[in-house]
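**Student:** Let me give you the structure first, and then I'll get to my questions.
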Amino acid sequence: MPGLFDVNKEVILVTGASQGLGRQFARVLSSHGAAVVLAARQTAKLKSLEQEIVGQGGRAVAVQMDVTDTASIGKAMDLAEAALGPLSVLINNAGIAIEKLSVDQTEADWDSVINANLKGAYFAATEMARRMIARKQEGNIVNIASVLGVGIMKFLAPYSVSKAGIIQATKVMALELAAKGMNHEFWSTPSGEKLAKRIPQRRIGAESDLDGAIMLLASAASRYMTGSVVTVDGGFLLT
């Protein structure tokens, strides 16, 4: 169907856009015509990405957002909409991981990971949902989880809990709203190398390996999907 994956009319907010997957998501969505809002706590890297996208003829704006602060989420979305128009897609990508045995994880570690990965994504999603409901607007909320939200691995308990929580929160919110219209540094660690060996395709995923999934979920092509968990893992969960 022509235009099925068209995002030309979308205004898409990407959290954690300063590096890694967030930066890749923003680039690929912009290259297909979307206006992109680049959100993160530190804006220096965002500004360079904004300039890159605008320099290539795209539409982008960088906004400061701390997903652990609900006031910051609302303020960032206000600034984004003032600059580019009503948001229609949210890519909830911001997150962190702290690699320690469970017995060595501190309360501060737990709070940092859960607040950034679970609380942040949840409240960004609910703020986005409120705006769409108020406008009677259709749109997409894409929560980036992890294979560790389903499978398990040592040293990443808070991270795994946060990603499992995101999967469940996605399903609950999808049910409620239905009627209303990976870091490079980790892979060089012993744990990362061990995990890579468990992947049937025998390689870690590249950022571009998620391009197809993000285009699907951000476009009208996914209009009959809700609460879905799309796994892009090289077969990891098959092992």
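The values are calculated or read from the model by the stated rules, or taken from the named source; none is laboratory data. Since the structure is predicted, the reported quantities are computational estimates derived from the model, not experimental observations. Counting neighbours? That spans all protein chains shown, and the Cβs are built from the backbone with ideal geometry, glycine included. Surface accessibility is based on the protein's heavy atoms, side chains included, excluding ligands, DNA and RNA. Shrake-Rupley method; radii C 1.70, N 1.55, O 1.52, S 1.80 Å.
**Student:** Which number in (1) of a type outside the set (Ser, Thr, Tyr); (2) open to solvent by 40 Å² or more (accessible area, probe 1.4 Å); (3) touching a Ser or Thr at 6+ places or on another chain (Cβ under 6 Å) marks the one condition that residue 103 misses?
**Tutor:** That leaves (3) as the condition not met.
**Student:** Right, here's the next one. Considering segment 40-71 alone, what residues qualify as being surrounded by 16 or more Cβ atoms within 10 Å (Cβ to Cβ), in contact with a helix residue (DSSP H, G or I) (Cβ under 8 Å, 6 or more places away or on another chain), not in a helix (DSSP H, G or I) and not β-branched (Val, Ile, Thr)?
**Tutor:** If the condition is that a residue be surrounded by 16 or more Cβ atoms within 10 Å (Cβ to Cβ), in contact with a helix residue (DSSP H, G or I) (Cβ under 8 Å, 6 or more places away or on another chain), not in a helix (DSSP H, G or I) and not β-branched (Val, Ile, Thr), then 40, 58, 59, 60, 62, 65, 66 are the ones that fit.
**Student:** Among 97, 145, 134, 129, which is the only one that is in a loop (DSSP other than H, G, I, E, B), out of contact with any Ser or Thr (no Cβ under 8 Å at 6 or more places or on another chain) and of a type in the set (A, V, I, L, M)? Full working, then the answer.
**Tutor:** Details: 145 fails: out of contact with any Ser or Thr (no Cβ under 8 Å at 6 or more places or on another chain); 134 fails: in a loop (DSSP other than H, G, I, E, B); 129 fails: in a loop (DSSP other than H, G, I, E, B).
One residue alone meets the criteria, 97.
**Student:** Based on what the data block shows, is residue 133 at pLDDT below 95 and not aromatic (Phe, Trp, Tyr)? Break it down into steps so the answer makes sense when it comes.
**Tutor:** Numbers: at pLDDT below 95: yes; not aromatic (Phe, Trp, Tyr): yes.
Against the criterion (at pLDDT below 95 and not aromatic (Phe, Trp, Tyr)), residue 133 qualifies.
**Student:** In segment 148-198, what count of residues is obtained for those that are among the basic types (Lys, Arg), at pLDDT 75 or above and either surrounded by fewer than 14 Cβ atoms within 10 Å (Cβ to Cβ) or out of contact with any Ser or Thr (no Cβ under 7 Å at 6 or more places or on another chain) (or both)? Give the derivation first.
**Tutor:** To start, the set of residues in segment 148-198 that are among the basic types (Lys, Arg) comprises 154, 163, 171, 180, 194, 197-198.
Of the ones still in play, those that are also at pLDDT 75 or above are 154, 163, 171, 197.
From what's left, either surrounded by fewer than 14 Cβ atoms within 10 Å (Cβ to Cβ) or out of contact with any Ser or Thr (no Cβ under 7 Å at 6 or more places or on another chain) (or both): 154, 171, 197.
Of the residues in that region, 3 qualify.
**Student:** Run residue 37 past the list (1) modelled with pLDDT under 95; (2) part of a strand (DSSP E or B) and report the number of the one that doesn't hold.
**Tutor:** Evaluating residue 37 over (1) modelled with pLDDT under 95; (2) part of a strand (DSSP E or B) leaves (1) as the failure.
**Student:** Let me confirm something: among 74, 33, which residue is open to solvent by 10 Å² or more (accessible area, probe 1.4 Å) and under 15 Å from residue 218 (Cβ atoms)? Give the derivation first.
**Tutor:** Working: 74 fails: under 15 Å from residue 218 (Cβ atoms).
Result of the check over 74, 33: 33.
**Student:** Another question about this same structure. Counting only residues that are in a loop (DSSP other than H, G, I, E, B) and within 22 Å of residue 118 (Cβ to Cβ), which one in segment 4-22 is least open to solvent (accessible area, probe 1.4 Å)?
**Tutor:** First pass over segment 4-22, keeping only residues in a loop (DSSP other than H, G, I, E, B): 4-10, 16-19.
Keeping just the survivors that are within 22 Å of residue 118 (Cβ to Cβ) gives 16-19.
On the way: 16: 19, 17: 0, 18: 22, 19: 106 Å².
Among residues in segment 4-22 that are in a loop (DSSP other than H, G, I, E, B) and within 22 Å of residue 118 (Cβ to Cβ), the one least open to solvent (accessible area, probe 1.4 Å) is 17.
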